[in-house]
Amino acid sequence: MTEGTYKTRLQTAFGKPWCDRVLTGDYRPAVPFSIQDVDITATLPAIFYLSRYVQRRGKGRLAEVFGGGDKEPSVASVASQLARTHHLRGFEDETTRHILGDLLMGFCLENRSRSEDKQEPLRRALPTHYFAGWLDLPERSVNLRYVPETIVAMLAGQNGPVVTDSPADDPTPFPVGRRFRENLLLKPFLHGVKPPEPFRDLSSDQFDEVTRVTLPEWLTIRLAEALEQPPRPLSASAGGRLSPTSSRWPALPRRCGKTWRYSWRLMVKPCRVASSSTCSTRPWPWVCQPS
């Protein structure tokens, strides 16, 4: 039976409105959310930020530092600016800047349509290190369609209308806004991050220069360092604390949150035994290589 034939018969038997509701990718009476393909790596930097500062990421300094004028930042402009810093001496000529651009495209950044053209505007930061959360890519966090908020709320076991600080006595392994160094999701990415002091100071997170890190981590750290501070949190009035988990589908965290937390704990468990001399036991082998 061809597709046209069975659709015609269903419409004859049940009517077109019924077929339009059922013969789609979504059927809300059974599954109360849209089933879509989500690339978790694209949302992790926003998850880092939300777990640390409890609010959505607002506008940062990426375009100001690496764009210049009305031009959007690109891999080429980032490589050109980084080559002027004292950390990347030796990348001053065109050939070495192309090499630096290749490294950035391979480990830290993605441009529009994942093009190999280094002049294309940047669209994504790869979660190579915790400091990827300082890069405001995409420029508007709302473009991530509430996926970071949903993941953070479900992992922390929060069912309210907004993402909030985890209580001090909350035993969750995925705390929000406090004890972020104990968060099992963040742990693999905190290599070399100094303890913040004071905690709410946006610029308090710093890299410990004596810590040995991999080249991908080091490049992400220098990118964030050039920005001097992370993006400001989005204000509450602009939806900075909104979570879709209870405002639209109140039963979703209760049904799925426990399973999610258990699955993520299994995935990140290897990071708890990682030694200081190697990162090979971390759960994301594409992030870390032996120092």
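The values are calculated or read from the model by the stated rules, or taken from the named source; none is laboratory data. Nothing here was measured: the structure is a model prediction, and the numbers come from that model. Please note: Cβ atoms are built from the backbone with ideal geometry, for glycine as well, and neighbour counts cover all protein chains shown. Ligands, DNA and RNA are stripped out before the accessible areas are found, and what is left, the full protein with its side chains, is counted by its heavy atoms. Shrake-Rupley method; radii C 1.70, N 1.55, O 1.52, S 1.80 Å.
With each label modelled as a point 7 angstrom along the Cα→C-beta vector, the Glu225-Lys59 pair spans 2.8 nm. Taking amide H positions as modeled 1.01 Å from N, with prolines and chain starts lacking one, the residues under 5 Å from Leu126 and 5 or more places away or on another chain are Leu109, Glu110.
Near the amide H of Arg179, within less than 5 Å, lie no amide hydrogens of residues on another chain or at least 5 residues away, with H placed in the peptide plane.
Positive-end ranking of Leu104, Phe131, Pro148 along the dipole of segment 99-149, with charges on Cβ about the Cα centre, is headed by Pro148. In this structure Thr5 has an accessible area near 50 Å², from a 1.4 Å probe over the protein heavy atoms. Residue ranges 106-113, 174-181, 79-86, 133-140 sort as 133-140, 174-181, 106-113, 79-86 when ordered by packing (mean number of other C-beta atoms within 10 Å per residue, highest first).
Given their separation in residues at 0.36 nm each and the Cα-Cα distance between them, Ile40 and Arg84 gain 12.6 nm when the chain is fully extended. Computed from the C-beta positions of Asn143 and Thr12 and an R0 of 41 Å, the FRET efficiency is 0.50 to the nearest 0.05.
Residues of segment 41-71 with backbone nitrogen within less than 15 Å of a virtual label 7 Å along the Cα-to-Cβ line of Arg178, please, listed as ranges. From segment 41-71, the list is 52-54. Ranked by the mean number of other Cβ atoms within 10 Å of their residues, highest first, the peptides 184-191, 217-224, 155-162 fall in the order 217-224, 184-191, 155-162.
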